[in-house]
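What follows is one structure encoded as structure tokens, with my remarks underneath.
The values are calculated or read from the model by the stated rules, or taken from the named source; none is laboratory data. Since we're looking at a predicted model, the values are computed, not measured. Here the Cβ is made from the backbone with ideal geometry for all residues, glycine too, and neighbour counts use every protein chain on show.
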Amino acid sequence: MKVVYSDGYFLKLGEHVFPAVKYRRIKEKLLEDKVIAPADLVEPAVATDEDLQLVHTPSYIEKLRLGTFSPVEIMRQEVPYSRELVDAFYLAAGGSILAARLAVEEGIAVNLGGGFHHAFPDHGEGFCLVHDVGVAIRRMQKERKIDRAWVVDCDVHQGNGTAAIFKHDPEVFTLSIHQFNNYPNWKPASNLDIDLSDGVEDAEYLMKLKEGLETALQRFKPDMLFYVAGADPYREDQLGGLALTMEGLIKRDRLVLEAARERKIPAHITLAGGYAVQVEDTVAIHANTVRTAREIYKA
């Protein structure tokens, strides 16, 4: 199983709730625990403006390039603008494109970066400047590697950018399971939204996710799964209000990936958000997702 990673994924944020060090530490943990070998790591190329234009507007891409954002726009993004930061987002998008190509060829691939599901075609918000998953889907469709994509978003926050980008596209089915009383306030409709109350624990979460996966697969036959595997439904997450345990999150990953594996649907995984009080917990949750994927797709 190939794992796409670059040291360039580091987001230059300064003091920030987003743990920018997590990408390197996830890679190190996966190697240390022998979940992957060095030969499994693949370096991505930077996405191009042409790639981004498959999702984002030319005027927004120009703002990314030049940094001509208003104070209100920067406030909505919730990250401090810098050229280095934009470069990291372009690289993460390149990583998701590469992981999608590898998933077509090998059945599964993981991008240790990406999952920036709050980016819209014409603006960024919620720590997200480029919608890497959207760019990867559009690139795969343009290259005729897939026609129909299925996004399963298990971040604690609803995938509002994803829902907006694919709102009128019958070839993309979006499923988001998330805490309702949390960011974003405005939640454009996904094809299937599973709104959870505060404090939901493992059993209820897993039951509703299983029902949602079954419903989606009754309504839609995908060529590829794009799994946004946020770590922030964890019970000790600073920006979440659900109460999943580490074991519950592993079972979540297994539900999603086994649903794809059983149907021979190639799987593309991005790791998305995670803001646990202890960074080590976020790293462990993300590493468990990769470990679970390896176990399922080796079987």
**Study point:** Single unsatisfied condition, VAL3 versus (1) among the β-branched types (Val, Ile, Thr); (2) surrounded by fewer than 21 Cβ atoms within 10 Å (Cβ to Cβ); (3) at pLDDT 95 or above
**Key:** (2)
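In the range 74-110, which residues are at positive phi and either without any contact (Cβ under 8 Å) to a residue 24 or more places away in the chain or not charged (D, E, K, R) (or both)?
Quick first cut of the range 74-110, residues at positive phi only: 78, 107.
Residue satisfying the conditions is GLY107 alone.
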Exercise for review: Only residues that are touching a strand residue (DSSP E or B) at 6+ places or on another chain (Cβ under 8 Å) and either part of a loop (DSSP other than H, G, I, E, B) or closer than 21 Å to THR162 by Cβ (or both): list them for the range 33-42, please.
Suggested key: ILE36
Exercise for review: Check off (1) more than 27 Å from PRO44 (Cα to Cα); (2) buried (at least 23 other Cβ atoms within 10 Å of the Cβ) for VAL135 and give me the number that stays unchecked.
Suggested key: (1)
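With respect to VAL79, is the statement that it is surrounded by 20 or more Cβ atoms within 10 Å (Cβ to Cβ), of a type in the set (A, V, I, L, M, F, W, C) and closer than 11 Å to GLY124 by Cβ true?
Working: surrounded by 20 or more Cβ atoms within 10 Å (Cβ to Cβ): yes; of a type in the set (A, V, I, L, M, F, W, C): yes; closer than 11 Å to GLY124 by Cβ: yes.
Yes.
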Exercise for review: Can you work out which of the residues in the range 228-248 that are touching a Ser or Thr at 6+ places or on another chain (Cβ under 8 Å) and among the hydrophobic types (A, V, I, L, M, F, W, C) is surrounded by the fewest Cβ atoms within 10 Å (Cβ to Cβ)?
Suggested key: VAL228
Point to revise | Failed item, numbered, when VAL79 is tested on (1) in contact with a strand residue (DSSP E or B) (Cβ under 8 Å, 6 or more places away or on another chain); (2) outside any helix (DSSP H, G or I) | key: (1)
Practice item. Could you run through the range 254-286 and say how many residues are assigned to a helix (DSSP H, G or I) and either over 16 Å from the mean Cα position of the chain (by Cα) or surrounded by fewer than 24 Cβ atoms within 10 Å (Cβ to Cβ) (or both)? Key: 11
Practice item. Any chance you could count how many residues in the range 45-66 are surrounded by 14 or more Cβ atoms within 10 Å (Cβ to Cβ), in a helix (DSSP H, G or I) and touching a residue at least 60 places away in the same chain (Cβ under 8 Å)? Key: 4
